[in-house]
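The values are calculated or read from the model by the stated rules, or taken from the named source; none is laboratory data. Everything quoted here is computed from the prediction, not taken from an experiment. Every residue, glycine among them, receives a Cβ derived from its backbone with ideal geometry; neighbour counts consider all protein chains shown. The protein model used for the area step is the full one, side chains on, heavy atoms only, and it has no ligands, DNA or RNA in it. Shrake-Rupley method; radii C 1.70, N 1.55, O 1.52, S 1.80 Å.
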Amino acid sequence: MNNRTYSRSQIGLHWLVALLVPVQYLTGGSIERTHHAVHMGMTPAAWDVVQHHVHNYSGMVIASLMSIRLVLRIISRPQSSPSNSVPDRIGRVLHHGFYAAIIGQASMGFIASYLWFGTAPYHVLGSKIILAMVALHFAAAAWHTLVAKDETLDRMILPRSNASAKNLQGN
């Protein structure tokens with residue numbers, strides 16, 4: 001099992017992104033409605049314009065937060081060697097995939113909004129990939145909590161020093 005501990009910064013950034021990602025899904029439909037109205041020579045609905053801005057700026061915030069998370073993850077590598085069990089390897093791949101997918105998604109959204117709309121279909125595809133990854137992430141959290149009954153979820157809720165993490169494991 002992976003004994004990685006997370007700092008308050010890493011935990012806070014994780015939960016901020018976790019709160020902002022659903023905002024993206026809830027406001028994403030406004031993009032198409034706004035662009036469609038403009039294309040048809042109509043004025044878009046005011047609420048769609050507001051959601052469009054919320055979607056764009058939340059995406060930029062998510063990109064910034066995930067970039068900070070990536071830097072923190074790189075500079076605070078775990079002190080112990082990671083487990084090579086299949087579930088731990090899958091978890092590492094999923095976490096690395098989250099960094100790539102979310103930062104890539106935000107980049108494609110920025111490009112589609114401000115530089116070249118041709119990337120929009122890839123941005124939509126990226127949202128579906130991230131949604132599938134979130135479902136896997138939830139399933140893994142449920143498995144760790146309900147089946148394995150380990151402290152994996154606790155490590156992303158409460159910060160611990162490496163010493164307190166070892167004490168919890170009885171080492």
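What to note about this one:
- For the pair HIS53 and LYS149, a Förster radius of 41 Å applied to the C-beta separation gives a FRET efficiency near 0.40, rounded to the nearest 0.05.
- Mean Cβ count within 10 Å, highest first, over the residues of peptides 48-59, 102-113, 122-133, 85-96: 102-113, 48-59, 122-133, 85-96
- Per residue, in Å², the accessible surface of the chain once ligands and nucleic acids are set aside, probe 1.4 Å: 63
- Surface composition of region 1-90: carbon plus sulfur atoms contribute 67% of the solvent-accessible area (1.4 Å probe, protein chains only, all chains present).
- Taking 16 Å as the cut-off, the amide N atoms of region 50-73 that come nearer than this to a point 7 Å along the Cα-to-beta-carbon line of LEU115 belong to 60, 63-64.
- Expected 222 nm ellipticity per residue - DSSP helices of 4 or more, -39500 (n - 2.57), all of the chain, to 500: -24500 deg cm²/dmol
- The smallest convex shape that holds all Cα atoms of the chain, its convex hull, gives 120 Å³ per residue.
- Helical segments meeting 27 Å axial Cα length and Kyte-Doolittle -1.0 threshold in the chain (DSSP H): 8-27, 46-75, 86-114, 120-142
- Modelled label reach - LEU158, point 7 Å along Cα→Cβ, region 1-44 residues with backbone N closer than 17 Å: 4-9, 11-12
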